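This report concerns only the one structure given below.
The values are calculated or read from the model by the stated rules, or taken from the named source; none is laboratory data. Quantities reported herein were computed from a predicted structural model and do not represent experimental measurements. Neighbour counts are summed over all protein chains in view; Cβ atoms, including those assigned to glycine, are modelled from backbone coordinates with ideal geometry. Calculation scope for accessible area: heavy atoms of the full protein, side chains included, ligands and nucleic acids excluded. Shrake-Rupley method; radii C 1.70, N 1.55, O 1.52, S 1.80 Å.
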Amino acid sequence: MAVDAAGKLAANARCDRQPPPGRRIVLLGASNLTRGISTVVETSAQHWGRPLDVLAALGHGRSYGMTSSVLGRTLPGILQSGLWPALERREALETAALVTDVGNDLFYGAPVERIAGWVEQCLDRLMDCEARIVVTRLPICNLPRVRRWQYLIVRSLFFPSCRLSLDELSERAVELDERLCELAHQRNCALAEPRSDWYGFDPIHFKLRHWSRAWHEMLAPWSETEVGAARASLARWIYLRRCAPELRTRFGIAQRRAQPAARLADGTLISLF
């Protein structure tokens, strides 16, 4: 125990010697972002420099505009999260942003135009920060190869309340993807297009072995120079996945956590909402 305590004190001392973050990233997304948050943070540092001030609204099944619940855990919509007030309170920094995992709201029955409106509000708020924005398209490249039985399994596991058929969901996904492209073009945002080989049986989540490559390609518009892909770190992944957001509800009990929730050895601060 004494050794662990000494190690933590030494780590904290190293962090205290780091300069404050000079740049900021804002991450908006759901399960892919949650699963790959460690890779995303390291990839962001590769493209955008370090240390960083990271603000992320994420979570499995996260909605952009409504409260969502997964396995007893409830989170507010991204638009209603504490990320935006926190962003307003902080000093202005050069900012890059990622808007991803938009398709969840289709499974919740939200109309395409409403979802697009939620994303549009997020983009406009990020534009107010003069952020360099990347918007990821929906993985519609996977639609032709999704079988009905496969879709039913994924729908039952991740969105049990959804009753949309595969044909209905596919039609809405294509329409939403077109709206995302329009919104991105109107605001000169970079568009990142998922590749079909990043996915396996699960048509909406990246395979683990493709995390570094996928996030490297998607965040590349943040940087004007060529950089290498991020190196994986199990310790960093465990540390970040254990961090709690500012507000969540578990089985009806509200839980609050002061932010930033994490600080890396290079001085990067990570706040979750």
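Remark: the chain carries 49 Å² of accessible area per residue (probe radius 1.4 Å; ligands, DNA and RNA excluded). Calculated from the structure at hand, Cα extents along the principal axes in Å is found among [x] 57, 42, 35; [y] 90, 48, 36; [z] 43, 41, 40 as [x]. Count Lys and Arg as plus one, Asp and Glu as minus one, and take only other residues whose Cβ is under 15 Å from that of TRP149; the net charge is then +2.
Among PRO194, PRO203, PRO160, the largest mean-square fluctuation in a Gaussian network model of the chain (Cα springs under 10 Å) belongs to PRO160. Protein heavy-atom surface of segment 14-110, 1.4 angstrom probe: 50% of the accessible area is carbon and sulfur, with nucleic acids and ligands not counted.
Shown for segment 126-187: the carbon plus sulfur share of the solvent-accessible area, taken with all protein chains present and a 1.4 angstrom probe, equals 53%.
Have a look at LEU71, LEU183, LEU240 and tell me which one the Gaussian network model of the chain (Cα, springs below 10 Å) gives the largest fluctuation. Taking springs between Cα atoms under 10 Å, the residue moving most is LEU71. Counting only DSSP H runs of at least 4 residues, each contributing -39500 (n - 2.57), and dividing by the residue count of the chain, the helix-based mean residue ellipticity at 222 nm comes to -12000 deg cm²/dmol. For segment 162-205, chymotrypsin sites (Phe, Trp or Tyr not before Pro) are listed when DSSP marks them as loop and at most 10 other Cβ atoms sit within 10 Å of their Cβ; the list is PHE201.
Could you work out the longest stretch of the chain that avoids the GluC sites (Glu not before Pro) located in DSSP loops with at most 10 other Cβ atoms within 10 Å? Let's see the in-between values first.
Details: sites that count: GLU91, GLU130, GLU224, GLU226.
Counting at most 10 other Cβ atoms within 10 Å as exposed, the longest clean stretch of the chain is 131-223.
Segment 243-273 and segment 154-228 have Cα centres spaced 25 Å apart. If you take the square roots of the eigenvalues of the alpha-carbon gyration tensor of segment 146-273 and sort them as a ≥ b ≥ c, do you get rounded (a/c under 1.5), prolate (a/b over b/c) or oblate? Here segment 146-273 falls in the oblate category.
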